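One structure is given below, encoded as C-alpha cells.
The values are calculated or read from the model by the stated rules, or taken from the named source; none is laboratory data. Small disclaimer: the values here were computed from a predicted structure and weren't measured. Cβ coordinates were reconstructed from backbone atoms using ideal geometry, including for glycine residues, and neighbour counts include every protein chain displayed.
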Amino acid sequence: MADIDARSVARFVEDTAHAAMPHRLYTLIFPMDRPNGKVLLGMKKRGFGQGKLNGFGGKVEPSESVEQGAIRELAEESGLRATRVENCGLLLFYFEDNPVAMEVHVFMAHEYSGKPAETEEMRPEWFDIDNMPFSQMWADDKCWWPLARNGRSFVGRFWFKADQVTITRQALTPVDSLDFARNARNIS
Ligand SMILES: COc1nc(N)nc2c1ncn2[C@H]1C[C@H](O)[C@@H](COP(=O)(O)OP(=O)(O)OP(=O)(O)O)O1
C-alpha cells in the first residue's frame, strides 16, 4: 500500500480514521472565460472517468508542486498555457473498493494563452457556466460547482460506491480560505 503522500493536506479536514489512509494527489483545473460566462471542459477519452466531461488534471508528480501539476496537466490535455490560476477547492473522494483516498486540488485558470486543442486524453469544449452538462459529469460536480462558479472556496468529501456513480455520503463546506493547504504545502 502506498504511503501517505507528505504533501497531502487532507488531515486538516479529516477525522483520524480517514487521515490515516494513504492519499494520492490529483489536480483539476477549469479554464474560465468570465466575460462570456463560459468554462472549458474536456470529454475524457481514456482512463479513469472515460466518457465524462470534466476539468483538466491528473496525478501530481513527485517533483512538482500541486499548482505546477495543475498547469502542466492543463497544457498536456488542452494545449492552454495558464498564467494566472487560483486554488479554489479541495475534494476528497473515497471509493468503497479502494483503500487509497483521492485528494483533488481544484483550480480556476483566469488567464491563459493558446487555443484549446483535442489531445489523446481530452476533447475540449466551452460550456455556459450556468448551464453545466451535469448529466455527463461526475456526480459530485453538481454539488460544488455552484460554489466554484460564484468564486467561493470549498472543501468537499464524497463517498462513492464501487459503481463510481452512487454517492452514499457527502460533506461540503464553503471555506473563507484554503490558506491551510497553501501553508502546509509551503507555496508562496
Ligand atoms: C469522483 O469524482 C470526481 N469528480 C471530479 N469532478 N473529478 C474527478 C473525480 N475523480 C477523479 N477526478 C479527476 C481528478 C483528475 O483530474 C482526474 C483523474 O486523473 P487521471 O487518472 O486521468 O490522472 P492522469 O495522471 O492524467 O492519468 P494517466 O496516468 O492516465 O496519465 O479526474
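Using the structure shown, decide if Lys115 is loosely packed, with under 15 Cβ neighbours inside 10 Å and within 18 Å of the chain's Cα centre (by Cα). For Lys115, the condition - loosely packed, with under 15 Cβ neighbours inside 10 Å and within 18 Å of the chain's Cα centre (by Cα) - is not met. Among the residues of segment 133-147, which ones are in contact (Cβ under 8 Å) with a residue 40 or more places away in the chain and over 21 Å from Glu14 (Cα atoms)? Passing the criteria: Pro133, Gln136, Met137, Trp138.
Could you check segment 52-68 and list, in sequence order, the residues that are of a type in the set (S, T, N, Q) and more than 7 Å from the ligand (Cβ to nearest atom)? Within segment 52-68, Ser63, Ser65, Gln68 qualify.
If you go through segment 109-131 and pick out every residue that is of a type in the set (A, V, I, L, M) and either free of Cβ contacts under 8 Å to residues at least 24 places away in the same chain or touching a Pro at 6+ places or on another chain (Cβ under 8 Å) (or both), you end up with 2. From (1) loosely packed, with under 14 Cβ neighbours inside 10 Å; (2) at pLDDT 95 or above; (3) over 14 Å from the mean Cα position of the chain (by Cα), pick out the condition that doesn't hold for Lys142. Of the numbered conditions (1) loosely packed, with under 14 Cβ neighbours inside 10 Å; (2) at pLDDT 95 or above; (3) over 14 Å from the mean Cα position of the chain (by Cα), the odd one out for Lys142 is (3). Of the residues examined, Asn183 is one that is at pLDDT below 95 and either of a type outside the set (Gly, Ala, Ser) or not in a loop (DSSP other than H, G, I, E, B) (or both). Out of all the residues in segment 52-69, which are under 11 Å from the mean Cα position of the chain (by Cα) and of a type in the set (Lys, Arg)? Answer for segment 52-69, where residues must be under 11 Å from the mean Cα position of the chain (by Cα) and of a type in the set (Lys, Arg): just Lys59.
Report yes if Glu96 is within 14 Å of Gly42 (Cα to Cα) and either more than 12 Å from the ligand (Cβ to nearest atom) or at pLDDT 95 or above (or both), otherwise no. So Glu96 fails the test. Scanning segment 25-51 for residues that are surrounded by fewer than 18 Cβ atoms within 10 Å (Cβ to Cβ), in contact (Cβ under 8 Å) with a residue 40 or more places away in the chain and near the ligand (Cβ under 9 Å from one of its atoms) yields Arg46, Gly47, Gly49.
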